[in-house]
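Okay, so here's the structure we're looking at.
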Amino acid sequence: PRVCVVGSGPAGFYTAQHILKHHGRARVDIYEKLPVPFGLVRFGVAPDHPEVKNVINAFTQTAHSERCAYYGNVTVGRDVTVAELQQAYHAVVLSYGAEDNRVLGIPGENLSGVYSARAFVGWYNGLPENRDLKPDLSSETALVLGHGNVALDVARILLSPLDLLRKTDITDGSLAALACSKVKRVWLVGRRGPLQVAFTIKELREMINLPGARPVLNPADFTGLENAVKDAPRPRKRLTELMIKTALEKPGEKMMEAQAGAPREWGLKFQRSPQEVLPTADGSRARGVRMALTRLEGSGDSAKAIPTGDVEELECGLVLSSIGYRSLPLDPAVPFDTQHGIIPNSSGRVNGVPGLYCSGWVKRGPTGVIITTMNDSFDTAQSVLEDLQVGMLDVSTSREGFGAVESILRSQGVRPVSFSDWEKIDAAEVARGKAAGKPREKIVDPQEMLRLIGH
């Protein structure tokens, strides 16, 4: 059987890995629109979290299997259609993730100084489409809308000492911009309360211990919460206890000294929903955000934020909206649920299209960490293997696989990038990084990547 996977992030690689491991004759081709593989492991994981990127070693092993091939620089839906892939392969798995962000839908969100956290993360991580972002870091106060791990990531990068960032694979250009940044205060704002935050304890602890930055939590937000979390699941309980401790307890002497001299600060604000980004007098850029104060109806994860009628304005020249990523439809031939931003499916089998599958964020929505995506991808791979086993996929007719796709690409003048091509780009990045004393210096221009491999 010939299987094709669209997207080379964790979902794509884990799907491929599982199929290759459990079917001794299957061949898997992975297509990727960028020349370089690994998706959000390369472009989403924070530069100061190198240990999370270790999964790249396993993905590289999968790519080196003689039954696996990687074709970068190929945009499915433009260079080759899903229907053409279905002609060439026995099964097609869509694992292309969430390449857009949810919008706030409020006046002023297009003002200068307002960015999506997704674009900001892409900028400091060297995602080609965000390399020219040039975020305006000239104001002292930044506002991050959202209480997830990505919100904490961008706050941490904004407030991290440069010495810490210099040793990471953050891009050269963003390091230079952060060196001139005036930002010294970051507020993280959420519509709901402390019991509904979506970030995890590891990220919160990292933020609390960030050198040169002190946490500013309002004790009133946390009084009486101990009782409310008594019966909560353990992760939620521990996370809330850490916030309570940070807000209510006097820090130890050593910590107090460190915090007293801290030039930067960050804090969490709750039960506030953005209503409008306020413009400067000349209307050219953001000067603040007007927020509706909310009250919670219901409790736990299902609590809803209802506006009380009161509003509050917060001054800030930088607004980062971190309210979630969003998948986009890839090809008119593929069913897509625009309301939920997913491909409608059952255990990864795309509804009403036999032989078509999906895994990762485009299958279940943009939530969870790499391990969540791993389990989700194994689940889809299992569906493919079952369908092969019971004869749902007709393997008696041979399919040409890349042979058929290659002629389509050639007619379009598209030259795919192989995995060994990527390894040349990788070596060049590592060499450039070494010269600067960092793990790698990412190349951010796809044309430069292609020149490097002689395309």
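Could you please give the count of residues in the range 344-369 that are β-branched (Val, Ile, Thr) and either more than 15 Å from GLY12 (Cα to Cα) or outside the structural domain of ILE19 (by the TED database) (or both)?
3
Considering only the range 89-131, state which residues are among the hydrophobic types (A, V, I, L, M, F, W, C) and in contact with a strand residue (DSSP E or B) (Cβ under 7 Å, 6 or more places away or on another chain). Please lay out each step first, then the result.
Applying the first criterion (among the hydrophobic types (A, V, I, L, M, F, W, C)) to the range 89-131 yields 91-94, 98, 103-104, 106, 111, 114, 117, 119-121, 123, 127.
Result: ALA91, VAL92, VAL93, LEU94, ALA98, LEU104, ILE106, LEU111, VAL114, ALA117, PHE120.
Going through the range 400-423 one residue at a time, which ones are part of a helix (DSSP H, G or I) and either without any contact (Cβ under 8 Å) to a residue 12 or more places away in the chain or hydroxyl-bearing (Ser, Thr, Tyr) (or both)? So that I can check it myself, show each step before the final result.
Our first condition is that a residue be part of a helix (DSSP H, G or I); within the range 400-423, this holds for 402-412, 419-423.
Correct list: GLU406, SER407, ARG410, SER411, SER420, GLU423.
Based on what the data block shows, is ARG131 touching a helix residue (DSSP H, G or I) at 6+ places or on another chain (Cβ under 8 Å), among the charged types (D, E, K, R), in contact (Cβ under 8 Å) with a residue 12 or more places away in the chain and open to solvent by 10 Å² or more (accessible area, probe 1.4 Å)?
On the way: touching a helix residue (DSSP H, G or I) at 6+ places or on another chain (Cβ under 8 Å): yes; among the charged types (D, E, K, R): yes; in contact (Cβ under 8 Å) with a residue 12 or more places away in the chain: yes; open to solvent by 10 Å² or more (accessible area, probe 1.4 Å): yes.
Spelling it out, ARG131 is indeed touching a helix residue (DSSP H, G or I) at 6+ places or on another chain (Cβ under 8 Å), among the charged types (D, E, K, R), in contact (Cβ under 8 Å) with a residue 12 or more places away in the chain and open to solvent by 10 Å² or more (accessible area, probe 1.4 Å).
Tell me, which residue of the range 151-163 that is in contact with a Leu (Cβ under 9 Å, 6 or more places away or on another chain) and over 19 Å from SER116 (Cα atoms) is surrounded by the fewest Cβ atoms within 10 Å (Cβ to Cβ)? So that I can check it myself, show each step before the final result.
The initial filter retains those residues of the range 151-163 that are in contact with a Leu (Cβ under 9 Å, 6 or more places away or on another chain), namely 151-152, 154-162.
So of that shortlist, the ones also over 19 Å from SER116 (Cα atoms) come out as 160-162.
Working: SER160: 22, PRO161: 13, LEU162: 11.
By that ranking, first place goes to LEU162.
Among (1) under 22 Å from ARG27 (Cα atoms); (2) under 24 Å from the mean Cα position of the chain (by Cα), there is one condition ARG399 misses while meeting the rest; what is its number?
Tallying (1) under 22 Å from ARG27 (Cα atoms); (2) under 24 Å from the mean Cα position of the chain (by Cα), ARG399 fails exactly one: (2).
Please go through the range 164-187 and pick out each residue that is open to solvent by less than 20 Å² (accessible area, probe 1.4 Å) and within 21 Å of the chain's Cα centre (by Cα).
Matches in the range 164-187: LEU165, THR168, ASP169, ILE170, THR171, SER174, LEU178, VAL186.
Within the range 261-277, which residues are of a type outside the set (D, E, K, R), under 25 Å from ILE157 (Cα atoms) and in contact (Cβ under 8 Å) with a residue 12 or more places away in the chain?
ALA262, PRO263, TRP266, GLY267, LEU268, PHE270, GLN271, SER273, PRO274, VAL277
Which residue, of ARG287, ARG238, is assigned to a helix (DSSP H, G or I) and in the same structural domain as TYR115 (by the TED database)?
Numbers: ARG287 fails: assigned to a helix (DSSP H, G or I).
Unique residue meeting the criteria: ARG238.
Collect the residues in the range 13-41 that are within 15 Å of the chain's Cα centre (by Cα) and either more than 25 Å from ARG415 (Cα to Cα) or open to solvent by less than 10 Å² (accessible area, probe 1.4 Å) (or both), keeping them in residue-number order.
Residues of the range 13-41 that are within 15 Å of the chain's Cα centre (by Cα), as a first pass: 37-41.
Residues satisfying the conditions are PRO37, PHE38, VAL41.
Give me the pairs, please: first residue somewhere in the range 221-232 and outside any helix (DSSP H, G or I), second residue anywhere and loosely packed, with under 10 Cβ neighbours inside 10 Å and hydroxyl-bearing (Ser, Thr, Tyr), beta-carbon distance under 9 Å, and either six or more positions apart or on two chains.
Correct list of pairs: empty, since none qualify.
Is it the case, given these coordinates, that GLY309 is modelled with pLDDT of 95 or more, of a type in the set (Gly, Ala, Ser), assigned by the TED database to the domain that holds VAL150 and over 29 Å from TYR115 (Cβ atoms)?
Criteria met by GLY309.
Listed here are the residues, each with its yes/no results for (1) part of a strand (DSSP E or B); (2) at positive phi.
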| site | (1), (2) |
| --- | --- |
| LEU85 | no, no |
| GLY105 | no, yes |
| ASN110 | no, no |
| TYR115 | yes, no |
| ARG118 | no, no |
| ASP132 | no, no |
| LEU137 | no, no |
| LEU143 | yes, no |
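MET243 - would you say it is open to solvent by 90 Å² or more (accessible area, probe 1.4 Å), hydrophobic (A, V, I, L, M, F, W, C) and free of Cβ contacts under 8 Å to residues at least 60 places away in the same chain? Lay out the reasoning, then the answer.
Numbers: open to solvent by 90 Å² or more (accessible area, probe 1.4 Å): no; hydrophobic (A, V, I, L, M, F, W, C): yes; free of Cβ contacts under 8 Å to residues at least 60 places away in the same chain: yes.
So MET243 fails the test.
Kindly provide the set of residues from the range 159-192 that are assigned to a helix (DSSP H, G or I), without any contact (Cβ under 8 Å) to a residue 60 or more places away in the chain and not polar (S, T, N, Q), ordered by number. Let's see the steps before the verdict.
Applying the first criterion (assigned to a helix (DSSP H, G or I)) to the range 159-192 yields 159, 162-166, 172-179.
Checking which are without any contact (Cβ under 8 Å) to a residue 60 or more places away in the chain leaves us with 162-163, 174-179.
Once the filter is applied, which keeps residues that are assigned to a helix (DSSP H, G or I), without any contact (Cβ under 8 Å) to a residue 60 or more places away in the chain and not polar (S, T, N, Q), the range 159-192 yields LEU162, ASP163, LEU175, ALA176, ALA177, LEU178, ALA179.
Would the range 217-229 turn up any residue that is among the aromatic types (Phe, Trp, Tyr) and more than 23 Å from VAL154 (Cβ to Cβ)? Break it down stepwise before answering.
Quick first cut of the range 217-229, residues among the aromatic types (Phe, Trp, Tyr) only: 222.
After this cut, where a residue has to be more than 23 Å from VAL154 (Cβ to Cβ) as well, the list is 222.
So far as the range 217-229 goes, yes, one or more of its residues are among the aromatic types (Phe, Trp, Tyr) and more than 23 Å from VAL154 (Cβ to Cβ).
Out of ALA228, ALA281, which single residue is of a type in the set (Gly, Ala, Ser), within 22 Å of GLY148 (Cα to Cα) and out of contact with any strand residue (DSSP E or B) (no Cβ under 7 Å at 6 or more places or on another chain)? Step through it out loud before you land on a result.
Values: ALA281 fails: within 22 Å of GLY148 (Cα to Cα).
Of ALA228, ALA281, the one residue that is of a type in the set (Gly, Ala, Ser), within 22 Å of GLY148 (Cα to Cα) and out of contact with any strand residue (DSSP E or B) (no Cβ under 7 Å at 6 or more places or on another chain) is ALA228.
Of all residues in the range 134-150, which are crowded, with 17+ Cβ neighbours inside 10 Å and small (Gly, Ala, Ser)?
Within the range 134-150, SER139, ALA142, GLY146, GLY148 qualify.
Residues in the range 424-439: is at least one assigned by the TED database to the domain that holds ALA83, of a type in the set (Gly, Ala, Ser) and part of a helix (DSSP H, G or I)? Give the derivation first.
Start the filter on the range 424-439 by keeping residues that are assigned by the TED database to the domain that holds ALA83, which leaves none.
No, the range 424-439 has no match at all.
Filtering the range 340-376 down to residues that are among the polar types (S, T, N, Q), in a loop (DSSP other than H, G, I, E, B) and modelled with pLDDT of 95 or more, which residue is surrounded by the most Cβ atoms within 10 Å (Cβ to Cβ)?
To start, the set of residues in the range 340-376 that are among the polar types (S, T, N, Q) comprises 345-347, 351, 359, 367, 372-373, 375.
Now narrow it down to the ones that are in a loop (DSSP other than H, G, I, E, B): 347, 351, 359, 367.
Restricting the remaining residues to those that are modelled with pLDDT of 95 or more gives 347, 351, 359.
Numbers: SER347: 11, ASN351: 11, SER359: 34.
Only one residue fits best here, namely SER359.
The values are calculated or read from the model by the stated rules, or taken from the named source; none is laboratory data. Here the structure is a predicted model, which is why all the values come from computation and not from measurement. Here the Cβ is made from the backbone with ideal geometry for all residues, glycine too, and neighbour counts use every protein chain on show. All accessible areas refer to the heavy atoms of the entire protein, side chains included, with ligands and DNA or RNA removed. Shrake-Rupley method; radii C 1.70, N 1.55, O 1.52, S 1.80 Å.
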